[in-house]
Structures are given as structure tokens and as C-alpha cells.
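One structure is given here, and the rest of the page talks about it.
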Amino acid sequence: MAEEIFDLVVIGAGPGGYVAAIRAAQLGMTVAVVEKRGALGGVCLNEGCIPSKALLDSSELFHLAGHRFSAHGIEVAPPTLNLGQMMARKDDVVKKLTDGVAYLFKKNKIRSVNGTARLAGSEAGGVHKVEVQGAQGGEQILAKKVLLATGSDAVELPSLPFDGEAVVSAREALSFGKVPEHLLVVGGGYIGLELGSVWLRLGAQVTVVEMLPRLIAGSDGQVAEALLRSLKKQGMRFLLGGKVAGVEKREGALLARVEVEGEVQEISCDKVLVAVGRRPLTEGLGLEELGVALEKGRVQVNEEYQTSVPGIYAIGDLIAGPMLAHKAMEEGAVCVERMRGEPSLVDYGCVPGVCYTWPEAASVGKTEDALKEEGIPYKSGKYNFMGNGRAKCMDETEGFVKVLSDAEGTRLLGVHIFGPRASDMIAEAVTVMSFGGSSEDIALIMHAHPTLSEAMKEAALDVDKRAIHA
């Protein structure tokens with residue numbers, strides 16, 4: 001009996017990989033997916049996007065119960081933390097979603113293979129061989145096309161090697177057995193600020209060390225400054241323009257040597273979270289042996305997402321662009337659609353970014369700094385949530401919406417939000433930008449009252465200084 005040759009083998013079952021597999025199956029392709037984890041969903045579902053948001057929501061409720069309920073006339077005794085139950089809820093959320101991916105694989109007749117994959121060349125006719133080593137031994141899978149979607153891993157600093165206990169990545173910081181007394185966060189990006197927020201709300205002292213003079217590099221300057229002020233007000237401490245030179249254990253505690261403006265200070269803490277970025281996971285795939293071209297650790301692809309080797313493709317964190325789950329998901333779907341000859345495209349000018357602190361920060365498109373650097377004339381409109389009726393009802397008036405338009409008012413160039421539910425509100429801006437719309441289009445849309453999204457309309461009106469409630 002001839003060995004089955006799949007139309008597509010996907011290596012990696014994270015957001016990009018599983019979406020690509022399902023879309024390929026919908027298009028009539030026979031598909032196998034190789035995943036080295038015990039569960040599907042990749043870093044995002046298992047130790048990233050989903051568990052972090054579950055803990056962010058739980059910790060926010062804990063904070064509200066302890067500090068904000070009384071203003072709403074809700075009198076409760078000071079809440080006590082059951083961290084074990086909070087972690088169990090987080091794990092349950094993760095399991096339900098990963099089980100959901102497994103169900104979708106079964107529904108779409110996708111073969112799921114557990115093990116570590118390696119490209120092993122091709123046979124006559126261009127059929128690619130994928131070797132898989134798993135708990136039950138090894139096997140070889142044949143496919144006409146191979147899609148690499150192995151994602152990324154946390155960057156380890158030479159001065160702060162991970163030990164899984166004291167110096168940790170986000171993976172371990174999502175599962176601490178107790179609330180740290182003092183958590184030192186290295187890196188002022190999305191991951192560090194989100195996980196720092198979780199443990200701050202639950203009672204930890206949190207200090208963030210960031211090499212740059214600002215938070216969330218590449219974001220709107222006003223948003224970054226507002227976020228810094230807000231987190232400081234919440235009790236988070238910051239050492240901007242600093243770096244951690246090393247950590248040593250002394251008398252049962254960790255002492256971190258932090259350099260700021262040429263001066264060294266020692267900070268005592270019990271956990272160090274290193275969140276300085278992520279690196280593509282390409283090791284062990286056999287890329288060098290096959291001649292797959294890399295540049296600065298990333299896989300080079302063309303507009304079809306095909307690598308330098310015909311029939312081998314790559315998406316997500318392996319290739320250029322922001323390391324975001326939704327970017328990988330879009331690329332996964334578009335990649336297999338293009339394999340079938342469809343003219344699909346990813347609009348890289350409309351990739352939203354979100355920092356899930358509270359208040360949240362969300363953006364899409366160009367920042368003011370970028371427009372100035374590129375010499376692009378523009379107009380801006382801004383509206384504070386302080387004037388928004390729904391925000392007042394929620395007692396969440398901190399923040400603003402900023403809308404950036406071209407000078408003629410014919411094209412929306414960017415939208416930046418700092419405030420309640422910014423992660424949900426940014427979708428309107430992404431939609432308008434995706435259709436080539438303008439700030440005037442947002443201004444003309446009827447927004448339900450009272451809603452947070454009215455702040456978007458007011459900011460759009462303010463581009464031409466027509467805001468009603470400003």
C-alpha cells in the first residue's frame with residue numbers, strides 16, 4: 001500500500017499553524033499538523049495570550065473588590081486571595097480553548113501528530129519528507145507542501161539566564177505558586193507590563209527596568225506617557241534608561257545589580273521576570289541543511305510566503321513583522337489561500353497592537369512621531385474619556401482617543417487609544433483603515449449612546465475641530 005502524501009504538512013499548531021490547517025482543509029486539501037507540545041494552540045493558548053488575559057481579568061476583579069466596589073455602594077469585607085483557585089480557573093480557560101482546537105481538527109479531518117518535526121529533504125517529484133520524533137518513536141510524513149509555523153520563544157539575556165525559579169520567563173510568571181513579595185520585571189513592553197500588572201494587583205511590589213527612556217517602544221508617545229503615569233499611580237515603580245547587570249543570591253534573597261545613568265544600585269527581590277523580546281524558533285528544523293535562507297534569525301519569504309526552497313513556506317513569528325498572534329492567523333489563512341491561487345493579501349498597515357494593562361492601550365497605523373520623521377503632513381483629533389457618559393457611569397474616565405488623518409482629510413492614518421476597553425474599540429479604526437476610509441467616515445457613523453465608542457466619534461470630529469462634547 002502506497003504511503004499517503006498530504007497536500008500540506010503544518011509544523012506548529014499555534015494560532016498561525018492551526019488557522020492555516022483549518023483553512024487548508026476547508027479548501028479541500030489533505031492536511032497533517034505536527035506539534036511538539038502535549039496540547040494544541042501553541043504559546044498563545046497555553047502560556048501567552050490566553051492565560052495572561054485570564055489572570056489579568058481575575059486580578060482586576062480582585063483589585064476592584066478591594067478598592068473600587070464601595071464607591072458603587074457595594075460594601076464587602078476586604079477580599080482574600082485564593083491563588084490556587086485563580087490558577088485553576090486560568091488553566092480551565094486554556095483547556096477549553098485547546099480542546100476546541102482539537103475538535104476543529106477532528107471536524108475538518110486534519111491529522112494531528114505529536115512530536116518534534118525536522119525537514120528531511122524531498123523525493124522525486126518534489127514531495128517533501130518530514131521526520132517526526134515523538135514519545136512513541138519516529139515516523140516520516142510526506143507532503144506536497146510544508147508550512148513552518150513554529151513560533152517564537154523568550155529571549156534569554158546572558159547576564160540573566162533562566163533558571164525556572166528565580167529568574168523566569170513569562171511561562172513561569174503565569175504559574176507562580178504564591179504572590180512574590182517583590183517582582184523585578186526586566187523589559188517595559190507588553191508582556192512585562194501585563195504580567196507586572198497581574199502581580200501588582202495581587203499584592204506584589206513591582207519594579208520595571210527598561211533600557212529605553214520610555215515604555216512600549218514604537219507606540220504613540222502620548223499613550224506611552226499616559227500609561228507610565230497611570231501605572232505609577234497604581235504603585236508600579238520604574239527605572240527607565242536602566243539595565244540589570246546581573247543577579248546573585250545572598251542570604252536567601254535575590255540581589256539585582258541595576259545600572260541607571262552610570263550609577264549602580266542593588267535591588268532586593270524574590271523573582272525576576274525577563275521580558276525583553278522573543279526569538280524565532282528555527283533550531284532543529286533542518287533549515288540550514290536544505291538551504292532555507294535566513295536573515296537575522298528570521299526566515300525569508302516572498303509574497304506567497306514561500307521560502308527560498310520551493311514548496312516550503314513560513315508564517316508568523318518566523319518571518320518579518322510584529323510577533324502577534326492575530327498577524328500569524330491572518331498570514332496562515334492567506335498563505336494557504338494563495339497556494340490555491342486566490343489573490344488574498346495581509347494588510348500590514350492595519351495590524352492592531354494592544355497592551356492589556358488597565359487602562360488598556362491600543363493602536364493601529366502610524367504614530368505622530370513616525371509621520372513627522374517621514375515628513376507626512378497630517379491633522380490630529382483627540383477626545384478624553386472624562387467627557388464620555390458611559391465612561392463616567394463605569395467610573396473609568398482615565399485616558400483618551402487620538403485620531404490621525406492626512407492633511408486633506410481623505411485618509412485615516414492612525415488611531416491610538418488609552419482607556420477602558422481600548423482593545424475592543426480599536427476594531428472600528430482597523431475596519432475604517434482597511435477600507436481606505438477617513439476620519440470623516442468615523443465622524444459620520446452613528447454611534448450608540450451611551451457607549452465608550454462615542455469617544456472615537458468625538459476624536460474624529462475633533463480632527464476638524466467639530467467635537468460636540470469637548
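The residues in segment 256-301 that are of a type in the set (Lys, Arg) and not in a strand (DSSP E or B) can be counted, and the count is 1. Of all the residues in segment 416-438, those that are open to solvent by 50 Å² or more (accessible area, probe 1.4 Å) and closer than 19 Å to LYS382 by Cβ number 1.
Listed here are the residues, each with its yes/no results for (1) aliphatic (A, V, I, L, M); (2) modelled with pLDDT of 95 or more; (3) on the phi < 0 side of the Ramachandran plot.
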| position | (1), (2), (3) |
| --- | --- |
| GLY17 | no, yes, yes |
| ALA39 | yes, no, yes |
| ALA54 | yes, yes, yes |
| HIS63 | no, yes, yes |
| SER70 | no, no, yes |
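When we screen GLU266, GLU288 for residues that are of a type in the set (Asp, Glu), without any contact (Cβ under 8 Å) to a residue 24 or more places away in the chain, open to solvent by 20 Å² or more (accessible area, probe 1.4 Å) and under 29 Å from LYS36 (Cβ atoms), the only hit is GLU288. Taking the numbered list (1) polar (S, T, N, Q); (2) in contact (Cβ under 8 Å) with a residue 24 or more places away in the chain; (3) out of contact with any helix residue (DSSP H, G or I) (no Cβ under 7 Å at 6 or more places or on another chain) in turn, ASN82 passes all entries but (2). Looking across segment 414-438, the residues that are touching a residue at least 60 places away in the same chain (Cβ under 8 Å) and either part of a helix (DSSP H, G or I) or touching a His at 6+ places or on another chain (Cβ under 6 Å) (or both) come down to ALA422, SER423, MET425, ILE426, ALA427, ALA429, VAL430, MET433, SER434.
Among the residues of segment 201-215, count how many are farther than 19 Å from ASN82 by Cα and in a loop (DSSP other than H, G, I, E, B).
5
All of (1) aliphatic (A, V, I, L, M); (2) touching a residue at least 24 places away in the same chain (Cβ under 8 Å); (3) closer than 27 Å to ASP395 by Cβ hold for MET446 with one exception: (2). Residue count for segment 307-333 under the criterion of being out of contact with any strand residue (DSSP E or B) (no Cβ under 6 Å at 6 or more places or on another chain), open to solvent by 10 Å² or more (accessible area, probe 1.4 Å) and among the acidic types (Asp, Glu): the result is 1.
Residues of segment 233-255 that are in a helix (DSSP H, G or I) and either surrounded by 13 or more Cβ atoms within 10 Å (Cβ to Cβ) or under 23 Å from the mean Cα position of the chain (by Cα) (or both): GLN234 alone. Among the residues of segment 439-465, the ones that are loosely packed, with under 13 Cβ neighbours inside 10 Å and part of a loop (DSSP other than H, G, I, E, B) come to 4 in all. Inspection of segment 187-197 finds a residue satisfying the criterion of being within 21 Å of PHE400 (Cβ to Cβ), hydroxyl-bearing (Ser, Thr, Tyr) and either open to solvent by less than 10 Å² (accessible area, probe 1.4 Å) or at pLDDT 95 or above (or both).
In segment 91-100 there is at least one residue that is crowded, with 17+ Cβ neighbours inside 10 Å, touching a residue at least 12 places away in the same chain (Cβ under 8 Å), within 27 Å of HIS326 (Cβ to Cβ) and of a type in the set (S, T, N, Q). When you go through (1) among the hydrophobic types (A, V, I, L, M, F, W, C); (2) in a loop (DSSP other than H, G, I, E, B); (3) within 20 Å of HIS326 (Cα to Cα) one by one for VAL76, which number turns out not to apply? All conditions are met except number (3).
The values are calculated or read from the model by the stated rules, or taken from the named source; none is laboratory data. Computed from a predicted model, the values in this text were never measured in an experiment. Reconstructed Cβ throughout: ideal geometry from the backbone, glycine too, with neighbour counts over all protein chains shown. Heavy atoms of the whole protein, side chains included, go into the accessibility calculation; ligands, DNA and RNA do not. Shrake-Rupley method; radii C 1.70, N 1.55, O 1.52, S 1.80 Å.
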